Structures are given as C-alpha cells and as structure tokens.
Amino acid sequence: MLEYNDLILAFQELKLNDKAVIAHASLRAFGQVAGGADSMVTALMYTMGAVIMPTHTYKTMVTPASGPANNAVNYSRAQQWNRLAEPFDPNMPADVMMGLIPEHLRQRPQAKRSMHPILSFAGVNAAKTLQTQTLENPFAPLMEVANADGWVALLGVDHTVNTAIHLAEKLAKRKQFTRWALTESGTVTCPGFPGCSAGFEALEPTLRPHTITIQTGSATIRAMPIRMVIVKTLDAIKKDPLALLCDRADCERCAAVREGLKG
Ligand SMILES: [Zn+2]
C-alpha cells in the first residue's frame, strides 16, 4: 500500500515544484494507494508548479452524413452512433478512458477547465494556459507549457498517451483530422483533431537521455521537458514521414496519414 507521503517523496524527486506540467496517469499502475485518486491529485498539486491533465469528452462526438475525404471516418456507418451523443457542458465528467485522476483534478475547487467540446483540459494554477485553447487549435495549451519550459509527466503510463506528441505532429505538418461535436448551441466542427497514438512508444529510446525515471510501488514514473518531446518528434518525422504510426492493419487514422503522403 502506497501512502500519501510515499507519493510526495516520489514526485519531489522530479523537481517540478516551479514547473508547469502536463500529466498523464494511471491510478491502477500504482497498485494500492491510500486515499486513491484524491491522494494522487493532492500530491501532484503539492509537488508541481501547475498541473494540467486531459479531460477529453468523446461522447459529444457526432458525424455528419458527409464530410472531408481521407478523414478516417466511415460517414454512413457512423450515423448509428449519433443518437448516443450528448452536448458538451463544462461539468461533463472526463471520459472513462482518461482514467480517474484527471476527473478528480477537474472536480477540485481550484481547478479550471478549457472549453473544447471534445479535447478539453483541466488544470490548477493554469488558468491563462487553458484559455489559449481554441476549436481550431486544441493543443495550444501544450504549446504554452512548452514556451514556459514546462514538463510532461507520465505516471504509470507510456508515450501512447503523451498528448505533447500530438502537438509535435501538428507542428511537423502531419495530417490532422476533422471531427464534430454536439454543444448546447448545435453541432460545431473541430479541425486539428489528432491521429492515432498507438505507435508513440517508439519515441522512448531517443527521449530516454532526457528523461527522469523513478519507480514508485508498482508504477514507473517518467518526466521530461515538453520541448524535448517536440524536438525529438520533429526529428523522427523529418527522418521518416511514417515515424510513430502504428502497425495495426485496421487503423483508419494511420492509414489516412499514409494515404495523404502518397499525393
Ligand atoms: Zn494507428
């Protein structure tokens, strides 16, 4: 069983107390934690200058009957899911795929949340950073974190959830997608939607020299400057335009990136 103090001691080793940090975390990876997700959130807030986590809400997504080609959407097949969509509201919980910790961060009275109907972030001490997000530029807050010499923390998770790599893909001019979301004022178009992240762990060896790695209970914690994530992603895509794509035969978004490069 990990106690709150074990978390504090571990996170303090990362020396992020004056840094803005985009954190991704799996509570389960830590095994038993006294106080659960709330303990984890308090420890993150106590040891980091600012904490931002993704609170994405995929259940707002809807698909029109037709749209851009090579967009990794089967427009006719997707129609059946539209009736399940719910309009975004700022109090909508983060998708269960995000894990428990971002949702607990979002519920803190000190936390603010950005307003993207699919790709919102919640954060503490990060109000101005979160305000930079727009429909067209969903990862603008991560660029702000990079400009402020911020860091990425992967707490019991790997680079396949490292959102900063999506920002770098966009900076590398990799194909982005268009998605749509239901809001209280109707359906809105959300350009700049990212590709698939299943192949992102391929970046780990080049990031390792810039990464602080510590073991806490059963979890591995990795932290690195977000700028290094951006630089190494840009390098990888420059060397090989297909870098970091996954090799699943049925991956529609990676197939669309490959198709786009043929032109
Ligand atoms: Zn893929």
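Before moving on, here are some points about what is shown:
- All of Tyr75, Tyr58 fail the test of being surrounded by fewer than 18 Cβ atoms within 10 Å (Cβ to Cβ) and touching a residue at least 60 places away in the same chain (Cβ under 8 Å), apart from Tyr58.
Per-residue answers, yes or no, for (1) surrounded by fewer than 20 Cβ atoms within 10 Å (Cβ to Cβ); (2) within 27 Å of His116 (Cβ to Cβ):
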position: Thr178; (1), (2): yes, yes
position: Pro191; (1), (2): yes, yes
position: Gln215; (1), (2): yes, no
position: Thr220; (1), (2): yes, no
position: Met228; (1), (2): yes, yes
position: Leu244; (1), (2): no, yes
position: Glu252; (1), (2): yes, yes
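- When the stretch 157-189 is filtered for residues that are part of a loop (DSSP other than H, G, I, E, B) and among the hydrophobic types (A, V, I, L, M, F, W, C), the ones remaining, listed by number, are Val157, Ala172.
- Take the conditions (1) away from the ligand (no atom under 16 Å from the Cβ); (2) among the hydroxyl-bearing types (Ser, Thr, Tyr); (3) touching a residue at least 24 places away in the same chain (Cβ under 8 Å); Thr233 misses just one of them, which is (1).
- Among (1) surrounded by fewer than 17 Cβ atoms within 10 Å (Cβ to Cβ); (2) touching a residue at least 40 places away in the same chain (Cβ under 8 Å), the one test that Gly156 misses: (1)
- When residues of the stretch 204-263 are limited to those that are part of a loop (DSSP other than H, G, I, E, B) and of a type in the set (A, V, I, L, M), the one farthest from Met48 (Cα to Cα): Ala249
- Residue selected from the stretch 33-49 under the condition of a type outside the set (Val, Ile, Thr) and without any contact (Cβ under 8 Å) to a residue 60 or more places away in the chain, by the criterion surrounded by the most Cβ atoms within 10 Å (Cβ to Cβ): Ala43
- Selection from the stretch 180-218 of residues that are of a type in the set (D, E, K, R) and within 16 Å of the ligand (Cβ to nearest atom): Glu201
- Residue match in the stretch 126-137 (condition: of a type in the set (A, V, I, L, M), under 20 Å from Ile52 (Cα atoms), in contact with a Gly (Cβ under 6 Å, 6 or more places away or on another chain) and crowded, with 17+ Cβ neighbours inside 10 Å): yes
- Only a single item in (1) touching a Cys at 6+ places or on another chain (Cβ under 8 Å); (2) at pLDDT below 95 is not met by Ser218, and it is number (1).
The values are calculated or read from the model by the stated rules, or taken from the named source; none is laboratory data. Predicted, not measured: the structure shown is a model, and the values here were computed from it. FYI the Cβ positions are ideal-geometry reconstructions off the backbone, even for glycines, and counts take in every protein chain you see.
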